[in-house]
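For reference, the structure is listed below as structure tokens.
The values are calculated or read from the model by the stated rules, or taken from the named source; none is laboratory data. Treat the numbers as computed from the prediction; the structure is a model and nothing was measured. FYI the Cβ positions are ideal-geometry reconstructions off the backbone, even for glycines, and counts take in every protein chain you see. With ligands, DNA and RNA removed, areas are computed over all heavy atoms of the protein, side chains included. Shrake-Rupley method; radii C 1.70, N 1.55, O 1.52, S 1.80 Å.
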Amino acid sequence: MTDTTVSDDVDHDHLRRAFDLAREAADAGDEPFGSVLVSDGEVIAESRNTVVTDDDVTAHPELKLARWAARELDETEVAETTMYTSTEPCPMCAGAMYHAGLRRVVFSTPAETVGEVAGAELVMPSSEVFARGAESVAVVGPVLEGEGREIHESFW
């Protein structure tokens, strides 16, 4: 389900933290992706892309946070969190988020935009992955799209 409603400026603040993490990833030599996991308005975990620095093709921030949430939170706590991410989750990350039990994601840059800017071949909106599940995942985005796009344009 796609929901383009942003609840308030708090969503923007959390996305901007994800942007900071994306920039940190780029500064370290990784692709510019960052994410934060929020519960009751507070950041409980955050991550940036470390595919290159960890030599791990699965070291996407959304996947790392989904694994963390599945290990560290109970089912109800996971369902009440929101993942804020600088870029729309890829199919791998969307699947992990779904299976971990996250039920809301807010993203900035759409997958199609990153595909255009970076020349990516596998582009699939996360809403298509989430729509295949029995549980509903609210997808909010794109939000602050121009700011998110600038990060990618300066990297690629």
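Some points to look at:
- Those residues of the stretch 1-32 which are at pLDDT 85 or above and open to solvent by 60 Å² or more (accessible area, probe 1.4 Å), in sequence order: ASP9, VAL10, ASP13, ARG16, ARG17, ASP20, ARG23, GLU24, ASP27, GLU31
- Where a residue in the stretch 120-131 is at positive phi and its partner, wherever it lies, is open to solvent by 60 Å² or more (accessible area, probe 1.4 Å) and in a helix (DSSP H, G or I), with Cβ under 7 Å and at least six apart: none
One line per residue, one yes/no per condition, for (1) over 17 Å from VAL137 (Cα atoms); (2) among the hydroxyl-bearing types (Ser, Thr, Tyr):
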{"residue": "TYR84", "(1), (2)": "no, yes"}
{"residue": "PRO89", "(1), (2)": "no, no"}
{"residue": "GLY95", "(1), (2)": "no, no"}
{"residue": "VAL105", "(1), (2)": "no, no"}
{"residue": "THR109", "(1), (2)": "yes, yes"}
{"residue": "GLY115", "(1), (2)": "yes, no"}
{"residue": "ALA118", "(1), (2)": "yes, no"}
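- Of all residues in the stretch 127-146, those satisfying the criterion of being within 15 Å of the chain's Cα centre (by Cα) and at pLDDT 85 or above are VAL137, ALA138, VAL139, VAL140, GLY141, PRO142, VAL143, LEU144, GLU145.
- Cβ-Cβ under 6 Å pairs, at least 6 apart or on other chains, the stretch 47-73 side of a type in the set (Phe, Trp, Tyr), far side modelled with pLDDT of 95 or more: TRP68/ALA45
- Residue within the stretch 41-60 that is open to solvent by less than 20 Å² (accessible area, probe 1.4 Å) and either within 16 Å of ARG149 (Cα to Cα) or of a type in the set (D, E, K, R) (or both) present: no
- Considering VAL43, VAL51, the condition of being hydrophobic (A, V, I, L, M, F, W, C), more than 20 Å from THR113 (Cα to Cα) and not in a loop (DSSP other than H, G, I, E, B) is satisfied by VAL43 alone.
- Residue list for the stretch 30-72, restricted to those being within 24 Å of PHE155 (Cβ to Cβ) and β-branched (Val, Ile, Thr): VAL36, VAL43, THR50, VAL51, VAL52, THR53, VAL57, THR58
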